[in-house]
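Just below is one structure, and these are the notes that go with it.
The values are calculated or read from the model by the stated rules, or taken from the named source; none is laboratory data. Computed from a predicted model, the values in this text were never measured in an experiment. Positions of Cβ are generated from backbone atoms using ideal geometry, with glycine treated the same way; all protein chains shown enter the neighbour counts. Each accessible area value is taken on the protein alone, full model and side chains, heavy atoms only, with ligands, DNA and RNA left out. Shrake-Rupley method; radii C 1.70, N 1.55, O 1.52, S 1.80 Å.
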Amino acid sequence: MYTLRDFVKTPEDFKATIRKVADIGIKHVQITPPGYFTVAETAEILRSNGISADSVFRSTGKVVESIESAKRDADILGVDVLRTDSIPSEMRKDADGYRRYAELMNAEGRACKAAGLRYIYHFHAFEWITFGDVRGIDILLNETDPDAVMFQPDVFWLTNAGTEPSTSLKMFNGRAFFMHVKDYAIKQLEGKIENVPYNFASVGTGNLNWQGIIKAADEIGIERFVIEQDMCDGDPFEAVKLSFENLNKMGIK
């Protein structure tokens, strides 16, 4: 639903957008209920369109204190996953900051586990920064409890970080069950050759190795591909539809 964020600014827009998503054939959405609807109202709108949510959201650093309300919301939506956002900027400056954040993730993940929820962190590319002989992402992986802290990889950001997703996905074997998908395309060059512009693109319209990605995703335990195109050159609904159709052609239903 982040792809369609500009089309849910009013209650009527939200309802119309969910209808369009259902018309595409999508049955599940990764959504945060909008402020103008209660969680129960959001769940009913989704249900009336044959759609279900896949998770609840809580901001990083707020999970432990809000775990009871998160569990209530999860029960209303019929989900068992809690996702959180990125490591705060003040913790990104050095390896010690990443280690402190790993401790926070452990606390949040264990609170979720005790409440019957699965906790996932969605990384981007900046976590792949190197501090001497260790990367931020390595700290987050190696210093968190594998039974309580899971990750939501994104094949675009794995590429942006300078890795081959079909290979780097294997780092998350047993640590991921949702995965964000969009393609990585190259835009027409204007200006210096060092500034090669990239583009967020619909699945199957860029340069990613989807055959290898799908194989790796199956091997590491990915249960669901989540379409998320951060920016679209044209109609976002058409971009989502194209990703959905191309995934279907690749055997992802």
Inset, instruction - Name the shape class, rounded, prolate or oblate, that the alpha-carbon gyration tensor gives for the range 124-253, where a ≥ b ≥ c are the square roots of its eigenvalues, rounded holds for a/c under 1.5, and otherwise prolate holds if a/b is larger than b/c and oblate otherwise. - result: oblate
Inset, instruction - Can you send over the solvent-accessible area of Met91, 1.4 Å probe, protein chains only, in Å² to the nearest 10? - result: 40
Legend entry - Separation of alpha-carbon centers, the range 95-138 and the range 155-205, rounded to whole Å: 21
Legend entry - Within straight-line cross-link reach of Lys187, aspartates and glutamates at Cα separation under 16 Å, skipping those fewer than 8 residues along the same chain: Asp230, Asp233
Legend entry - Cα-Cα separations in the range 99-144 greater than 13 Å, expressed as whole percent: 58
Inset, instruction - Binning at 10 Å from 0, report for the range 80-168 what percent of all alpha-carbon pair distances ends up in each bin. - result: 18, 49, 30, 4
Legend entry - Burial ranking of peptide ranges 186-192, 156-162 (average Cβ count within 10 Å, highest at the top): 156-162, 186-192
Legend entry - With every protein chain in place, the chain: carbon and sulfur % of accessible area (1.4 Å): 49
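How about the range 27-62: which chymotrypsin sites (Phe, Trp or Tyr not before Pro) there are in a DSSP loop, with at most 10 other Cβ atoms within 10 Å of their Cβ? All intermediate terms of the calculation are to be shown ahead of the outcome.
Details: sites: Tyr36, Phe37, Phe57; in loops: Tyr36, Phe37.
Those that pass, being in a loop and sparsely packed, number zero.
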Legend entry - For the chain, calculated [θ]222 nm from helices alone, where every DSSP H run of n ≥ 4 adds -39500 (n - 2.57): -11500 deg cm²/dmol
Inset, instruction - Run through the DSSP bridge list for the chain and note the antiparallel percent, rounded to the nearest 5. - result: 25
Inset, instruction - For the chain, compute Rh as the Kirkwood radius over C-alpha pairs and then the Stokes-Einstein diffusion coefficient at 37 °C and 0.692 mPa s; write the answer in µm²/s, rounded to an integer. - result: 172
Inset, instruction - Report the one residue of Phe126, Ile76, Val155 whose Cα lies farthest in the direction of the positive end of the charge dipole of the range 32-159 (charges on C-beta: Lys and Arg +1, Asp and Glu -1; origin at the Cα centre). - result: Ile76
